[in-house]
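Asker: First the structure, which I've put down as structure tokens, then a few questions once you've had a look.
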Amino acid sequence: MSNQSAANQLSIECHPIGEMITPFTQKFGIPRQSSGLTAIPGYIKLFPPYDDINGFRGIDDFSHLWIVFQFDQSIDTTHTYSPLVRPPRLGGNEKIGVFASRSSFRPNNIGLSKVKYSHIERVDGETRLHILGVDCLSGTPILDIKPYVTYADNEPDAQSGFADNAPVPTLIVIFAEDVLTQLDTCNLPETHTKSSLLALIEQVIAFDPRPAYHQKPDYQAQNPNKTYHIRLFYLDIEFIIENNKQAHIINIQA
């Protein structure tokens, strides 16, 4: 049997070691990359037998981690492999090769995120690995966790193609006074303060979660005062965009 035919018959079975618990309960609004999103907390709930705390001995010596996960919500068995994708960073119109992108629509739907390590703890019989800068849907299967190692992972002279420039916040987020009052009336859990929720909402929306074509002048002219909704934790946040510069939060409901 040739190497090529052997590879075609190879089947690999992966067993998730846990799941990601994040503020994101829907795909709209999830940041496209995790870097710099320091206000977005999350944790990995480890499954047995991977919840043995011994498996994480020494992890406190690292500041950042690589999280290997599966885009489980992007799996579609009705479609065949497509070699071309449309990255949002290129406006959603230009096509490039899937292996020259970080698209979630990949042959094996595997994703990779660099996150900041916070701490690990046992809570109610669960092992939870707390991290910052998450960019995954809550419930995402986690396949592996590896430490970020500076000498091996940092390449100062690396080229990044069409993604050479890091994304920056493009919207000024403005909360209406009555919205702040609405948040005061929400029954917030002890783990979530008003200030932490406001910081989370501001950081997510400042990076403009809209599809690229919604940011174009012709679309905005045809859809003035379009309302957008983001679901974070148990909150439904409603906002509108003004002149591609300001995001006005007009409603928050628990």
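Nothing in this text is a laboratory measurement; each read-out follows from the coordinates by a stated rule. Everything quoted here is computed from the prediction, not taken from an experiment. Neighbour counts run over all protein chains shown; Cβ positions are idealised from the backbone, glycine included.
Asker: How do 142-148, 200-206 rank on mean C-beta neighbours within 10 Å, highest first?
Answerer: Numbers: 142-148: 16.9, 200-206: 20.0.
Listed from highest to lowest mean packing, they are 200-206, 142-148.
Asker: In the chain, how many lysine pairs have Cα atoms under 26 Å apart, counting only pairs 8 or more places apart or on different chains?
Answerer: For the chain, the number of qualifying lysine pairs is 22.
Asker: Can you tell me the dipole magnitude for the range 13-162 around its Cα centre, using point charges on the Cβ only (Lys, Arg +1; Asp, Glu -1), in Debye to the nearest 20?
Answerer: Working: 14 positive and 17 negative charges, 115 e Å.
The calculated dipole for the range 13-162 is roughly 560 debye.
Asker: Can you sort V149, V68, V168, V134 so the residue with the fewest Cβ neighbours within 10 Å comes first?
Answerer: Working: V149 11, V68 16, V168 8, V134 26.
In increasing order of surrounding Cβ atoms, one gets V168, V149, V68, V134.
Asker: With point charges of +1 on the Cβ of Lys and Arg and -1 on the Cβ of Asp and Glu, referenced to the Cα centre of the chain, which listed residue (S196, F62, V115) lies farthest in the positive direction of the dipole?
Answerer: Value: V115.
Asker: Can you find, among I145, A254, L84, the residue farthest towards the positive end of the dipole of the chain? Put +1 on the C-beta of Lys and Arg, -1 on that of Asp and Glu.
Answerer: Looking along the dipole axis, the top candidate is L84.
Asker: Classify the range 168-253 from the C-alpha gyration tensor, please: rounded if a/c falls under 1.5, else prolate or oblate depending on whether a/b exceeds b/c. Spell out each step's value before the answer.
Answerer: Values: a/c = 2.39, a/b = 1.98, b/c = 1.20.
Prolate.
Asker: Using the Cα centre as the reference, give the magnitude of the dipole from point charges on the C-beta atoms of the chain (Lys, Arg: +1; Asp, Glu: -1; all else neutral), rounded to the nearest 20 debye. The partial results should precede the final answer.
Answerer: Values: 20 positive and 28 negative charges, 136 e Å.
Charge dipole of the chain: 660 debye, to the nearest 20.
Asker: Also, quick follow-up: Please state the shape class of the chain: rounded when a/c is under 1.5, otherwise prolate if a/b exceeds b/c and oblate if not, all from the C-alpha gyration tensor. List each step's numbers first, then the result.
Answerer: On the way: a/c = 1.87, a/b = 1.21, b/c = 1.54.
Judged from the Cα gyration tensor, the chain comes out oblate (a/c at least 1.5, b/c at or above a/b).
Asker: Moving on to the next point. Rounded to the nearest 5, what % of the DSSP beta bridges within the range 126-254 are antiparallel ones? Could the numbers behind the result be given before it?
Answerer: Details: 13 of 17 bridges.
Around 75 percent antiparallel, to the nearest 5.
Asker: Subtracting the Cα-Cα distance from 0.36 nm times the residue separation, let me have the gained length for D144 to S118 in nm, one decimal. Walk me through the numbers before you get to the answer.
Answerer: Values: separation 26, 0.36 × 26 = 9.36 nm, distance 1.72 nm.
Length difference between fully extended and current span is 7.6 nm.
Asker: Which net charge results when you count Lys and Arg as +1 and Asp and Glu as -1 among the other residues whose beta-carbon is under 12 Å from that of H64? Intermediate values should be presented prior to the final figure.
Answerer: Working: positive: K114, K116, K146; negative: D61, D153.
My count for the surroundings of H64 gives +1.
Asker: Work from the charge dipole of the range 168-253 (Cβ charges, +1 for Lys and Arg, -1 for Asp and Glu, about the Cα centre) and give the residue of N243, V173, F233 farthest towards its positive end.
Answerer: Farthest towards the positive end: N243.
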